[in-house]
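In what follows, a structure is listed as structure tokens, so that the remarks can point back to it.
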Amino acid sequence: MNTSPAPSKSDLFKYTLRQADNSMVLCQRLCQWAARGPDLEEDISLTNIGLDLIGQARSLYQYSASLCDQQVNEDDLAFMRDSHEWSNLLLVEQPNGDFADTIARQYLYDAWHLLFLEQLTESNDTTLAAIAAKSIKEVKYHNRHSSMWIKRLGDGTEVSHQRMQDAIAAVWPFTAEMFIPDELDQRMLEFGTGVDLKALKHTWDSQVSSLLVDATLSKPVAGEAIVGGRQGQHAEYLGDLLEEMQSLPRSMPNHQW
Amino acid sequence: MRLINQNTESELSRVRSILDTVTDPEIPALTINEMGILRGIEIKDNTVIVTITPTYSGCPAIDHITDDITKVLAEHDYPSTRVALVLSPAWTTDWMSDEAKEKLRKYGIAPPCKTSLLDDSQEDPNITVIVACPNCCSFNTKLVSHFGSTACKSFWQCADCLEPFDYFKPI
Ligand SMILES: [Zn+2]
């Protein structure tokens, strides 16, 4: 039986870091679209979504840093950890692929992110609740944007339909991880601090299903889930992404702009 | 050094009027007060404590605003300033006054509608919100892109005067 009224500082640190890592990695992926978007408007949209995410990541890293036993700051957490120390979901580190791949990854994450944040606003940790309440306003617009593209490409030409369908199928195995709690999720839930991941599944399923129907796309059959991101088991994709993202601060430590 | 009166109404209103010269660097037509970014002013032990909140999490203007506040107060004999950043309650476009929204329109940006008018179930704002062209006031407008020149705006075009324009998204 647990008699402590609040989670341990180290649990809260790890839990906050996970959410920060999701936002940071997805931000980095989206910013790789800069100057490569299908048109100027999309170039700007994807990088603006990235900007929201880095803002959210900063709030979360700053909070994580304040909970850490070691003397660290937000930059240390973002730039000085190696791939195996990152606890983001595998979904967000998936490569950009073509525009359909990016939109599929984005929509499936946005739909989950929105539900996750909705619950997190109810957290008994006031900082996490405040960051969630702030972020949710932004993520609503992310979700609008990605939903619109799923429909437009799915219900578009024969080619756009096929590419959207293939893109959804390709990232689908990585979505299951969003709903599988580990021991840390379980403890945070019991304290009323964290989100009930299993409870998000039903709403996510029905929202995604109805959008896919509108987009004339079929929902992939649930296959074997690919998991491990939260435990630091990442594909080489993340290593490459981090190498690019971290190279400057690592080659010039403590440098200021 | 001038002795600063603690929290007296006259001292606070002096600080407030100085801060009325600080504008949002991304929308210079509006002050941080009109934008609802300025949340509070307090004076404690000769230090002015200014509380602000970011519009968006990733708003790059916030560091700029922090520097501007410190600088303008120093120029007006307040050498010690602390700028505190708060996230809660989360910033909303509903904090912009009607006058502020009118200034925005004159500046060429369509002002945000009340957030209570939003329907989150619709991904197309054309369905629920009619955005008037800030140039010719026509309602015959169309969303071009969900994100405009900054994250806080979407990009529209007027079908009557054909001008493209930014719409400040309600959040
Ligand atoms: Zn017009």
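The values are calculated or read from the model by the stated rules, or taken from the named source; none is laboratory data. None of these values were measured; they are calculated from a predicted model. Here the Cβ positions follow ideal geometry from the backbone for every residue, glycine too, while neighbour counts run over all protein chains shown. Accessible surface is based on the protein model in full, side chains and every heavy atom, while ligands, DNA and RNA are left aside. Shrake-Rupley method; radii C 1.70, N 1.55, O 1.52, S 1.80 Å.
Figures for the structure shown
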| read-out | value |
| --- | --- |
| Some residue of region B:130-144 being out of contact with any strand residue (DSSP E or B) (no Cβ under 8 Å at 6 or more places or on another chain), outside any helix (DSSP H, G or I) and more than 16 Å from the ligand (Cβ to nearest atom) | no |
| Selected residue (criterion: most open to solvent (accessible area, probe 1.4 Å)) from residues of region A:115-138 that are within 29 Å of A:Leu217 (Cβ to Cβ) and in contact with a Phe, Trp or Tyr (Cβ under 9 Å, 6 or more places away or on another chain) | A:Lys137 |
| Sole exception among (1) open to solvent by 20 Å² or more (accessible area, probe 1.4 Å); (2) within 22 Å of A:Ser147 (Cβ to Cβ) for A:Ile54, by number | (2) |
| Scan of region A:24-51 for residues that are facing another protein chain (nearest Cβ under 9 Å) and open to solvent by less than 20 Å² (accessible area, probe 1.4 Å), ordered by number | A:Cys27, A:Glu42, A:Ser45, A:Leu46, A:Asn48, A:Ile49, A:Gly50 |
| When residues of region B:34-56 are limited to those that are part of a strand (DSSP E or B) and of a type in the set (Ser, Thr, Tyr), the one surrounded by the most Cβ atoms within 10 Å (Cβ to Cβ) | B:Thr51 |
| Tabulated pairs, region B:152-171, first farther than 18 Å from A:Leu51 by Cα and away from chain A (no Cβ under 14 Å), second near the ligand (Cβ under 9 Å from one of its atoms) and hydroxyl-bearing (Ser, Thr, Tyr), C-beta under 6 angstrom, 6+ apart or interchain | B:Cys158/B:Ser138; B:Cys158/B:Thr141; B:Asp160/B:Ser138 |
| Some residue of region B:74-81 being assigned to a strand (DSSP E or B), assigned by TED's automatic domain parsing to the domain that holds B:Ala29 and away from the ligand (no atom under 16 Å from the Cβ) | yes |
| Test: residue in region A:171-189 that is among the polar types (S, T, N, Q) and open to solvent by 60 Å² or more (accessible area, probe 1.4 Å) | yes |
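Table: residues versus (1) within 14 Å of another protein chain (Cβ to nearest Cβ); (2) within 22 Å of B:Asn5 (Cα to Cα).
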residue	(1), (2)
B:Leu30	no, no
B:Asn33	no, no
B:Leu38	no, yes
B:Ile43	no, yes
B:Pro54	yes, no
B:Asp67	yes, no
B:Tyr78	no, yes
B:Val83	no, yes
B:Pro89	yes, no
